[in-house]
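J.: Provided herewith is a single structure, encoded as structure tokens, for subsequent inquiry.
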Amino acid sequence: MSKVYRIGIIGCGGIANGKHLPSLSKLNNIEMVAFCDIVQERAEAAAQQYGSKDAKVYTNYQTLLKDDTLDIIHVLTPNESHAEISVAALEAGKHVMCEKPMAKTAAEAKRMVDAAKRTGKKLTVGYNNRFREDSLFLKKLCEAGELGHIYYAKAHAIRRRAVPTWGVFLDEEKQGGGPLIDIGTHALDLTLWMMDNYQPKVVLGTKYHELSQRENAANAWGPWDPAKFKVEDSAFGMIVMENGATIMLESSWALNSLEVDEAKCSLSGTEAGADMKEGLRINGEQHGRLYKNEIELNAGGVAFYDGTQVSAPDLEMRKWIEAVEQDKEPLVRPEQAYVVSLILEALYESARTGKAVYFD
């Protein structure tokens with residue numbers, strides 16, 4: 001019989017219940033046996049719905065980590081505690097999946113990378129958009145060289161009016177920022193991964209609080225409280241890589257724009273271009289003519305059969321457990337996620353000082 005992996009969940013809030021717990025529950029070779037949250041009722045509710053019969057509940061993650069029978073820890077807490085808990089879990093001999101962004105600061109992210117190397121345990125970060133069908137298909141094209149040398153890209157994370165009003169999203173101290181670190185991080189990760197380019201040279205960033213102080217604003221989750229809106233409502237940046245490639249990053253929770261795209265990228269290479277704006281589109285030149293191909297990703301094809309498609313979070317969890325089981329690199333490597341944090345921090349610094357930030 002194959003091993004059944006015992007998982008501990010630290011943080012039983014929205015991302016746990018909306019993504020990790022439902023997707024993990026579909027796997028046959030895992031048991032969720034420990035649940036921790038500073039609000040005991042949240043941990044108890046998660047344990048009752050998703051836990052094993054003998055699942056234990058904790059309010060202190062350090063106590064949970066003393067359980068030597070645990071194989072894997074999922075860190076699903078606010079950004080400020082990602083590094084602290086992940087490093088402790090790695091040093092306790094557990095493999096770790098940490099939700100995105102990797103950490104509040106680049107230095108904390110580096111601590112996580114170092115801890116994984118030091119302990120020999122696996123560490124990954126929850127960039128689930130890599131596991132979408134359009135992302136996986138486009139990655140294959142990039143790896144095959146069909147776009148050529150990708151020298152210009154855009155990372156899209158724009159919402160018209162969708163400011164998260166729950167939890168600590170608007171708290172700069174706990175999160176480290178607003179839409180740039182929340183959804184811009186997904187778009188940047190996706191773009192760097194497609195380009196397979198993790199060597200930034202210089203960034204120039206801007207951030208804005210232009211709409212955050214509006215009273216009774218239209219918003220997907222109801223009006224936000226301006227007094228609690230401590231993070232930027234929009235942030236933008238230009239990233240120049242060591243090889244000369246340029247990435248334009250756009251992120252916003254609230255922007256007067258009808259061009260709304262989230263966790264998407266556009267790529268321009270020497271042989272072809274691609275974007276995810278209206279499905280997955282490939283463009284280029286062939287036999288002296290321009291072309292545009294729209295990739296059909298529907299698994300069906302006949303009226304009475306829709307096909308079977310696996311959701312990105314479900315595939316993410318399955319591949320993560322496979323990486324542990326088969327002792328191979330996870331799709332999202334910690335060194336890659338660290339560079340995302342490094343660039344985000346530099347963009348915030350540039351926005352604060354009004355100057356470009358160069359990397360050593």
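J.: May I ask you to say which residue of Glu259, Glu278 is closer than 30 Å to Asp233 by Cβ, within 22 Å of the chain's Cα centre (by Cα), in contact (Cβ under 8 Å) with a residue 60 or more places away in the chain and loosely packed, with under 12 Cβ neighbours inside 10 Å?
T.: Step by step, each of Glu259, Glu278 is checked, and only Glu259 is closer than 30 Å to Asp233 by Cβ, within 22 Å of the chain's Cα centre (by Cα), in contact (Cβ under 8 Å) with a residue 60 or more places away in the chain and loosely packed, with under 12 Cβ neighbours inside 10 Å.
J.: Which residue out of Lys140, Lys121, Lys154, Lys117 is free of Cβ contacts under 8 Å to residues at least 40 places away in the same chain, over 15 Å from the mean Cα position of the chain (by Cα) and within 30 Å of Ile282 (Cα to Cα)?
T.: Lys140
J.: Now, a different point. Residues of region 157-167 being small (Gly, Ala, Ser) and under 17 Å from the mean Cα position of the chain (by Cα), which ones?
T.: Ala157
J.: If you check every pair at least six apart or on different chains, which have Cβ atoms under 8 Å apart with a residue in region 194-215 that is under 26 Å from Leu138 (Cα atoms) first and a residue that is charged (D, E, K, R) second?
T.: Met194/Lys139; Asp196/Glu143; Tyr198/Glu335; Gln199/Glu242; Pro200/Glu242; Lys201/Glu242
J.: Another one. Could you pull out the residue among Arg118, Arg159, Arg130 that is under 30 Å from Glu294 (Cα atoms) and either among the polar types (S, T, N, Q) or open to solvent by 30 Å² or more (accessible area, probe 1.4 Å) (or both)?
T.: Going through Arg118, Arg159, Arg130 in turn, just one is under 30 Å from Glu294 (Cα atoms) and either among the polar types (S, T, N, Q) or open to solvent by 30 Å² or more (accessible area, probe 1.4 Å) (or both): Arg159.
J.: I need the full set of residues from region 203-216 which are under 20 Å from Ile247 (Cα atoms) and either assigned to a loop (DSSP other than H, G, I, E, B) or open to solvent by 20 Å² or more (accessible area, probe 1.4 Å) (or both), in order please.
T.: Answer for region 203-216, where residues must be under 20 Å from Ile247 (Cα atoms) and either assigned to a loop (DSSP other than H, G, I, E, B) or open to solvent by 20 Å² or more (accessible area, probe 1.4 Å) (or both): Leu204, Thr206, Lys207, Tyr208.
J.: Give me a count of the residues in region 14-50 that are open to solvent by 10 Å² or more (accessible area, probe 1.4 Å) and part of a helix (DSSP H, G or I).
T.: Adding up the residues that qualify gives 15.
J.: I would also like to ask the following. How do the strands (runs of 3 or more DSSP E) wholly within region 51-103 filter down when requiring 1 or more residues that are open to solvent by 20 Å² or more (accessible area, probe 1.4 Å) and small (Gly, Ala, Ser): which remain?
T.: Answer list for region 51-103: none.
J.: Among the residues of region 303-315, what is the count of those that are surrounded by fewer than 12 Cβ atoms within 10 Å (Cβ to Cβ) and modelled with pLDDT of 60 or more?
T.: The number of residues fulfilling the criteria is 1.
Condition check ((1) closer than 20 Å to Arg160 by Cβ; (2) part of a loop (DSSP other than H, G, I, E, B)) across all residues:
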site	(1), (2)
Val231	yes, yes
Ala235	yes, no
Met238	no, no
Leu249	yes, no
Asn256	yes, yes
Glu262	yes, no
Ser266	yes, no
Gly284	no, no
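J.: Follow-up question, since we're still on this one. Scan region 218-229 and give yes if some residue there is buried (at least 17 other Cβ atoms within 10 Å of the Cβ) and of a type in the set (Lys, Arg), otherwise no.
T.: no
J.: Pairs under 9 Å by beta carbon, first residue without any contact (Cβ under 8 Å) to a residue 12 or more places away in the chain in region 7-21, partner open to solvent by 10 Å² or more (accessible area, probe 1.4 Å) and not in a strand (DSSP E or B), six or more apart or different chains?
T.: Note: pairs meeting the criteria are Gly18/Pro313.
J.: Mind listing just one residue for me: the one in region 25-51 that is touching a residue at least 60 places away in the same chain (Cβ under 8 Å) and of a type in the set (A, V, I, L, M) and, of those, nearest to His82 (Cα to Cα)?
T.: Only one residue tops the list, namely Ile30.
J.: Shifting gears a bit: So, in region 328-360, how many residues would count as being under 14 Å from Thr105 (Cβ atoms), among the hydroxyl-bearing types (Ser, Thr, Tyr) and either within 13 Å of the chain's Cα centre (by Cα) or outside any helix (DSSP H, G or I) (or both)?
T.: Counting residues in region 328-360 that are under 14 Å from Thr105 (Cβ atoms), among the hydroxyl-bearing types (Ser, Thr, Tyr) and either within 13 Å of the chain's Cα centre (by Cα) or outside any helix (DSSP H, G or I) (or both) gives 2.
J.: With respect to Ala144, determine if the residue is small (Gly, Ala, Ser), open to solvent by less than 30 Å² (accessible area, probe 1.4 Å) and at negative phi.
T.: no
The values are calculated or read from the model by the stated rules, or taken from the named source; none is laboratory data. Values in this document were obtained by computation on a predicted structure and should not be read as measured data. Cβ coordinates were reconstructed from backbone atoms using ideal geometry, including for glycine residues, and neighbour counts include every protein chain displayed. Note: areas computed on protein heavy atoms with side chains; ligands, DNA, RNA excluded. Shrake-Rupley method; radii C 1.70, N 1.55, O 1.52, S 1.80 Å.
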